[in-house]
Amino acid sequence: MKYQITATITRAGGLPVTWLRNSDKKLTKKECEKMVSPRRRNMNADISVEKVELSNFVCRRVGV
């Protein structure tokens, strides 16, 4: 089965962006937030990680 994920991504200081992704497995909102969040390269560095919020999250089955 295939899944289609849609959501609106909002980052601090940015405009909302519509996001669409196809997946082979069903994903949760938390898994998708982790996917679209910036990754930290150096865990020892004092880098502030911006918060990413997903709204209007839908993961639905499409096709076979």
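No value in this document is a laboratory result; all are computed from the given coordinates. Note that this is a predicted model, so its numbers are computed, not measured. Glycine also receives a Cβ, built like all others from the backbone with ideal geometry; neighbour counts cover every protein chain displayed.
Subtract the Cα-Cα distance of residue 24 and residue 50 from 0.36 nm times their separation in residues, and report this length gain in nm to one decimal.
Details: separation 26, 0.36 × 26 = 9.36 nm, distance 2.82 nm.
Taking 0.36 nm per residue and subtracting the Cα distance, the gain is 6.5 nm.
For every other residue with a beta carbon closer than 13 angstrom to the beta carbon of residue 11, add +1 if it is Lys or Arg and -1 if Asp or Glu, then tell me the sum.
On the way: positive: 51; negative: 33, 50, 53.
Result for the local shell: -2.
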